[in-house]
Amino acid sequence: MISPTPEDEAALDATKAPLMEHLIELRKRLVWSVASFAVAFGISFGFAKYIYAFLTIPLAHALAGKADAHLIFTALGEVFFAYVKIGMFGGLCLAFPFIAAQLWMFIAPGLYKHERNAFLPFLLATPFCFIAGAAFAYYVLLPYAIHFFVGFETPGVMGGALGIQLQAKVSEYLDLVMKLLFAFGLTFQLPVLLSLLGKVGIITSRQLRDMRRFAIVGLFAVAAVVTPPDPVSMLALAVPLVGLYEISVLLVRWIERGRARDEAARLAKEAAEAAAGSENS
């Protein structure tokens with residue numbers, strides 16, 4: 001762990017406030033966060049049909065040329081509540097940067113300077129990693145997963161055997177897609193999380209290398225839980241996660257080298273100042 005300097009302690013003491021002021025500040029940040037989500041939800045719900053059309057493009061490509069290329073709903077309010085889910089999904093994505101900013105403004109005064117310097121860049125990197133994970137799920141995994149499941153359709157045969165035809169429900173399809181987008185977006189935060197822990201000195205690159213085998217097993221287990229129950233989908237998530245873990249090791253190692261250079265520069269500066277002081281005396 002990186003120990004705070006006396007200057008850091010003094011700066012943190014200057015931000016101390018009574019409990020009631022913290023509660024008032026927390027309420028303020030929560031109100032702004034809820035309000036931003038409500039506005040983003042309204043915008044997303046207004047464009048729910050267009051978002052729905054975008055999310056169903058992979059399925060439309062898989063069913064292209066078939067007579068019954070459409071989704072169905074079996075409950076009266078199913079489509080409406082599906083649009084509500086789309087509104088919440090889009091609202092959370094749109095409002096996340098503002099909500100993250102409110103979270104940062106609440107916790108930043110309670111952090112040491114080196115902790116703020118460590119945390120802020122990773123907070124900014126979080127939405128980009130989420131977008132990368134969601135894009136990977138949408139453009140890479142989802143088409144292969146849909147083709148895999150559609151491949152189980154069976155035409156009717158002579159002798160009275162019934163065929164099997166896909167009649168996907170609106171709500172179930174959207175639940176699957178949004179689950180995959182969120183799962184991949186969250187799991188692609190792995191480099192951000194590990195690099196942040198390395199930045200504040202909680203873990204080291206050596207520790208990450210030593211537990212690589214256990215981490216790989218854990219990443220495959222996570223992939224098996226959050227993806228559809230087929231090996232292609234599991235590997236489509238597990239392999240990138242292993243790659244992200246290796247990238248995290250390199251990032252933590254790069255952070256350690258930078259910290260060592262800064263520490264060497266600081267010691268050299270202190271030695272030079274001590275030598276100059278002794279000469280003056």
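Evaluate region 222-229: report whether one residue or more is of a type in the set (Gly, Ala, Ser), surrounded by fewer than 18 Cβ atoms within 10 Å (Cβ to Cβ) and either over 21 Å from Asn117 (Cβ atoms) or in contact with a Gly (Cβ under 6 Å, 6 or more places away or on another chain) (or both). So that I can check it myself, show each step before the final result.
Just the residues of region 222-229 that are of a type in the set (Gly, Ala, Ser), to begin with: 223-224.
So of that shortlist, the ones also surrounded by fewer than 18 Cβ atoms within 10 Å (Cβ to Cβ) come out as 224.
This time we only want the ones that are either over 21 Å from Asn117 (Cβ atoms) or in contact with a Gly (Cβ under 6 Å, 6 or more places away or on another chain) (or both), so: 224.
The answer is yes; a qualifying residue exists.
Looking only at region 237-246, decide whether some residue is modelled with pLDDT of 85 or more, surrounded by 14 or more Cβ atoms within 10 Å (Cβ to Cβ) and over 25 Å from Phe119 (Cα atoms).
yes
Those residues that are under 20 Å from the mean Cα position of the chain (by Cα) and over 18 Å from Leu197 (Cα atoms), I need them from region 207-218; list them, please.
Those that are under 20 Å from the mean Cα position of the chain (by Cα) and over 18 Å from Leu197 (Cα atoms): Ile216, Gly218.
I'd like to verify a number: residues in region 221-236 that are modelled with pLDDT of 75 or more and in contact with a Leu (Cβ under 8 Å, 6 or more places away or on another chain), how many?
6
Could you count how many residues in region 164-194 are touching a residue at least 60 places away in the same chain (Cβ under 8 Å), in contact with a Cys (Cβ under 6 Å, 6 or more places away or on another chain) and within 26 Å of Ile146 (Cα to Cα)?
Total satisfying the criteria: 1.
Among the residues that make up region 79-102, is at least one of them out of contact with any helix residue (DSSP H, G or I) (no Cβ under 9 Å at 6 or more places or on another chain), modelled with pLDDT of 85 or more, surrounded by fewer than 15 Cβ atoms within 10 Å (Cβ to Cβ) and not in a helix (DSSP H, G or I)?
no
Matching residues to (1) in contact (Cβ under 8 Å) with a residue 40 or more places away in the chain; (2) within 24 Å of Phe130 (Cα to Cα); (3) in the same structural domain as Gly151 (by TED's automatic domain parsing); (4) within 23 Å of the chain's Cα centre (by Cα):
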site: Leu196; (1), (2), (3), (4): yes, yes, no, yes
site: Ala221; (1), (2), (3), (4): no, yes, no, yes
site: Ala224; (1), (2), (3), (4): no, yes, no, yes
site: Thr227; (1), (2), (3), (4): yes, yes, no, yes
site: Ala236; (1), (2), (3), (4): yes, yes, no, yes
site: Val242; (1), (2), (3), (4): no, yes, no, yes
site: Arg253; (1), (2), (3), (4): yes, yes, no, yes
site: Ala260; (1), (2), (3), (4): no, no, no, no
site: Ala271; (1), (2), (3), (4): no, no, no, no
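Please enumerate the residues belonging to region 247-258 that are surrounded by 15 or more Cβ atoms within 10 Å (Cβ to Cβ) and modelled with pLDDT under 85.
Selection gives Ile255, Glu256.
Every residue in region 206-231 that is touching a helix residue (DSSP H, G or I) at 6+ places or on another chain (Cβ under 8 Å) and of a type outside the set (A, V, I, L, M, F, W, C), please.
Within region 206-231, Arg209, Arg212, Thr227, Pro228, Asp230 qualify.
Quick check on region 163-177. Is at least one of its residues among the aliphatic types (A, V, I, L, M) and more than 30 Å from Phe81 (Cα to Cα)?
Among the residues of region 163-177, not one is among the aliphatic types (A, V, I, L, M) and more than 30 Å from Phe81 (Cα to Cα), which makes the answer no.
Find the residue count for region 55-68, including only residues that are surrounded by 13 or more Cβ atoms within 10 Å (Cβ to Cβ) and in a loop (DSSP other than H, G, I, E, B).
The number of residues fulfilling the criteria is 2.
Does any residue of region 117-128 turn out to be within 30 Å of Val200 (Cβ to Cβ), surrounded by fewer than 15 Cβ atoms within 10 Å (Cβ to Cβ), at pLDDT 85 or above and among the hydrophobic types (A, V, I, L, M, F, W, C)?
Checked region 117-128: at least one residue is within 30 Å of Val200 (Cβ to Cβ), surrounded by fewer than 15 Cβ atoms within 10 Å (Cβ to Cβ), at pLDDT 85 or above and among the hydrophobic types (A, V, I, L, M, F, W, C).
The values are calculated or read from the model by the stated rules, or taken from the named source; none is laboratory data. Please read these numbers as outputs of a predicted model, since none were measured by experiment. Every residue, glycine among them, receives a Cβ derived from its backbone with ideal geometry; neighbour counts consider all protein chains shown.
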